[in-house]
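The values are calculated or read from the model by the stated rules, or taken from the named source; none is laboratory data. Every value quoted in this text rests on a predicted model; they were computed, and no experiment measured them. Neighbour counts are summed over all protein chains in view; Cβ atoms, including those assigned to glycine, are modelled from backbone coordinates with ideal geometry. The area values use the complete protein model at the heavy-atom level, side chains included, leaving out ligands, DNA and RNA. Shrake-Rupley method; radii C 1.70, N 1.55, O 1.52, S 1.80 Å.
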Amino acid sequence: MFKEGVREGNWVFLANCHLSLSWMPQLDKLVEQLQVEEPHPEFRLWLSSSPHPEFPIAILQTGIKMTTEPPKGLKANLKRLYNLITEQQFSRCHKQDKYKKLLFALCYFHSVLLERKKFLMLGWNIAYEFNDSDFEVSENLLSIYLDDYDESPWDALKYLIAGINYGGHVTDEWDRRLLMTYIADFFNDNSINTPFFQLSTLVTYYIPKDGPLSSYKEYVSMLPNIDHPEAFGQHPNADIQSQIQETRLMFDTLLSLQPQISSVAGESREDKVLELSANIYKQIPENIDYDNTVKILSIDPSPINVVLLQEIQRYNALLVEIRKSLKDLDMGIQGLVVMTVELESIFICIYDGRVPPSWLKAYPSLKPLAAWTRDLVQRLDQLEKWATTAHPPNIFWMSGFTFPTGFLTAVLQLSARLNNVSIDSLSWEFSVMTVDDTNITGPPKDGVYIKGLFLQGAGWDKKNQCLIEATPMQLVCQIPTIHFKPVENKKKVTKGIYTCPCYYFPNRTGSMGRPSFIVATELKSGDKSPDHWAKRGTALLMSLDY
């Protein structure tokens, strides 16, 4: 096709190039030949592709680039969707009273799903590419199902639209819960029977009264240009959080682009890195004595002690890696050994205040280097005290473990042995403590006390032991110590209880092949419904990014 087009002056369109990456180098050569030979003046080559790092840059540099993205804002998205709908399409459904209202609800649903991405991790755990075809298929289903059934088939519509059509993109179970929460709010009897049915807590967004297609377009044109976070069921803090993350990303990019000059204000980069690495070397403690700990714990081979031994091995390996890296870097800067690619990477990371990737293999973290080093010392301190006393702490700092899921499994194993029950029949019961940690003088009879968890997307009412709205600028708050208690054949309670996911760190998708999700905890939802907190993106975090 390509050669024929060059010869005869045809237009050639190669679609979805990102699906044929193995052939892209050959296309690159063909495009390169065009610079040398003289193609037919009418010849045009069109390519379409999703962004991909392996797409040849040379092709991009020689071509004219166009990009299509959904417009920003609820108003712009609603406007675009209503411009796609023709008069014929708008009037084809025989149940016009239901169809018009539910079509507007569907448009709002689609726009909210697209725009929620701006809240980053508080929006979706994974950014999904919802597109126009999702909307078109859903609109078609809506029209057909309303015509075919006398009573509104809510369950079928919600399942087909959110569960199958839009849900086909969604791979994270907590994102799926959010999707089903939204569709349940918009697709119900109230949305049809209630005049001016509210689509959010704001009075601005509602289903307008019946009228021609032009009246809906007119209503959309009167909506505000800037969306308030409450339009998505989000807290204003979510806007602040996403802007902070975007700013950090921009500054990280600027830092990576700055010239690697040899001296800044009289002090060379090498001197600065030597000083920083010497400081880190002084801060990190000696390895924990593994062999001695094995002897001490041999009298009690409980699952909890096995976790301690595994953690010591992992942290000792990390300490060895850190010391070796810093020694090699010191010698490399002095010219005593060759500066390898790995050492160069560590050099740049330390200079920029980032944690070198080779150090992050033990456990994932988003903390800058200084905070990460202090955090590492605290983690080792917890293990050192435990190893020397041979007594587990009364309150565990679960964030200090490299594999918290292994620790929780060990607690379940211990409980199963003590109570002589199957581990498969056990699940967690959670109770947030009302007393300070200083008043907890011993471990619980069953289960463990866990401290140091942070609540994101909500505040905590210590008196009533329930979730409350976060105060302005309160992006995270520390939740009191929680008693994780294993219980047998627990009955599921949904009323007034929000199932709150607990993540290892703010990157909820995980990194370096490690998932971030640890356990689903249960917290009282207070005077708000659990769905309210699902829209807020409320979650527990074991560590922060500062």
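It is to be established whether one or more residues within the range 490-501 are in contact with a strand residue (DSSP E or B) (Cβ under 6 Å, 6 or more places away or on another chain), within 23 Å of Gln413 (Cβ to Cβ) and at pLDDT below 90.
Yes, some residue in the range 490-501 is in contact with a strand residue (DSSP E or B) (Cβ under 6 Å, 6 or more places away or on another chain), within 23 Å of Gln413 (Cβ to Cβ) and at pLDDT below 90.
Considering only residues that are assigned to a loop (DSSP other than H, G, I, E, B) and in contact with a Phe, Trp or Tyr (Cβ under 9 Å, 6 or more places away or on another chain), which ones fall in the range 168-193?
His169, Val170, Thr171, Asp172, Phe187, Asn188 - these are the residues of the range 168-193 that are assigned to a loop (DSSP other than H, G, I, E, B) and in contact with a Phe, Trp or Tyr (Cβ under 9 Å, 6 or more places away or on another chain).
Among the candidates Glu69, Glu42, single out the residue that is on the phi < 0 side of the Ramachandran plot, modelled with pLDDT under 90 and acidic (Asp, Glu).
Answer to the check: Glu69.
Restricting attention to the range 281-333, and to residues there that are part of a loop (DSSP other than H, G, I, E, B) and of a type outside the set (Asp, Glu), which single residue is farthest from Leu343 (Cα to Cα)?
Filtering the range 281-333 for residues that are part of a loop (DSSP other than H, G, I, E, B) and of a type outside the set (Asp, Glu), the one farthest from Leu343 (Cα to Cα) comes out as Ile299.
So that you can scan it fast, the table gives a plain yes or no per residue for (1) surrounded by fewer than 22 Cβ atoms within 10 Å (Cβ to Cβ); (2) at pLDDT below 90; (3) on the phi > 0 side of the Ramachandran plot:
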residue	(1), (2), (3)
Leu78	no, no, no
Leu84	yes, yes, no
Gln88	yes, yes, no
Ser91	yes, yes, no
His94	yes, yes, no
Cys107	no, no, no
His110	no, no, no
Leu113	no, no, no
Met121	no, yes, no
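Just give me the residues in the range 497-535 being open to solvent by less than 20 Å² (accessible area, probe 1.4 Å) and more than 30 Å from Arg354 (Cα to Cα), in sequence order.
Correct list: Tyr498, Cys500, Thr521, Leu523, Ser525, Trp533, Ala534.
Considering only residues of the range 343-375 that are aliphatic (A, V, I, L, M) and surrounded by fewer than 17 Cβ atoms within 10 Å (Cβ to Cβ), which is farthest from Pro506 (Cα to Cα)?
Ile348
Pairs only if they're at least six apart or on different chains, beta carbon under 8 angstrom, first in the range 508-533 and at positive phi and among the aliphatic types (A, V, I, L, M), second open to solvent by 60 Å² or more (accessible area, probe 1.4 Å) and assigned to a strand (DSSP E or B); list them, first residue then second.
none
Restricting to strands (runs of 3 or more DSSP E) lying wholly in the range 462-546: which have 2 or more residues that are under 14 Å from the mean Cα position of the chain (by Cα)?
497-503, 517-524, 539-541
Check Ala390 against each of (1) under 24 Å from the mean Cα position of the chain (by Cα); (2) in contact (Cβ under 8 Å) with a residue 60 or more places away in the chain and name the one condition it does not meet.
(1)
Residues checked against (1) assigned to a helix (DSSP H, G or I); (2) acidic (Asp, Glu); (3) under 16 Å from Glu321 (Cβ atoms):
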site: Met339; (1), (2), (3): no, no, no
site: Cys349; (1), (2), (3): yes, no, yes
site: Ser358; (1), (2), (3): yes, no, yes
site: Leu376; (1), (2), (3): yes, no, yes
site: Glu384; (1), (2), (3): yes, yes, no
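Out of (1) part of a helix (DSSP H, G or I); (2) open to solvent by 30 Å² or more (accessible area, probe 1.4 Å); (3) within 30 Å of Glu469 (Cβ to Cβ); (4) polar (S, T, N, Q), the odd one out for Thr434 is which?
Against the list (1) part of a helix (DSSP H, G or I); (2) open to solvent by 30 Å² or more (accessible area, probe 1.4 Å); (3) within 30 Å of Glu469 (Cβ to Cβ); (4) polar (S, T, N, Q), Thr434 comes up short only on (1).
For residues in the range 57-75 being in contact (Cβ under 8 Å) with a residue 60 or more places away in the chain and assigned to a helix (DSSP H, G or I), which is surrounded by the most Cβ atoms within 10 Å (Cβ to Cβ)?
Leu74
What is the residue count in the range 205-229 for residues that are touching a residue at least 24 places away in the same chain (Cβ under 8 Å) and either under 30 Å from Lys367 (Cβ atoms) or buried (at least 16 other Cβ atoms within 10 Å of the Cβ) (or both)?
10
In the range 376-397, how many are farther than 15 Å from Asn316 by Cβ, open to solvent by less than 50 Å² (accessible area, probe 1.4 Å) and at pLDDT below 90?
2
Kindly provide the set of residues from the range 452-486 that are within 19 Å of Thr434 (Cα to Cα) and without any contact (Cβ under 8 Å) to a residue 40 or more places away in the chain, ordered by number.
Matches in the range 452-486: Gly459, Trp460, Lys462, Lys463, Cys477, Gln478.
Out of Phe232, Phe186, I need the residue that is of a type in the set (Phe, Trp, Tyr), modelled with pLDDT of 90 or more and touching an Asp or Glu at 6+ places or on another chain (Cβ under 9 Å). Which one?
None of the other options fit; the residue is Phe232.
Mind counting the residues in the range 437-459 that are assigned to a strand (DSSP E or B), closer than 18 Å to Pro530 by Cβ and either at pLDDT below 90 or in contact with a helix residue (DSSP H, G or I) (Cβ under 9 Å, 6 or more places away or on another chain) (or both)?
Qualifying residue count for the region: 1.
I'd like to know if the range 40-56 contains one or more residues that are of a type outside the set (Gly, Ala, Ser), assigned to a helix (DSSP H, G or I) and open to solvent by less than 90 Å² (accessible area, probe 1.4 Å).
Among the residues of the range 40-56, not one is of a type outside the set (Gly, Ala, Ser), assigned to a helix (DSSP H, G or I) and open to solvent by less than 90 Å² (accessible area, probe 1.4 Å), which makes the answer no.
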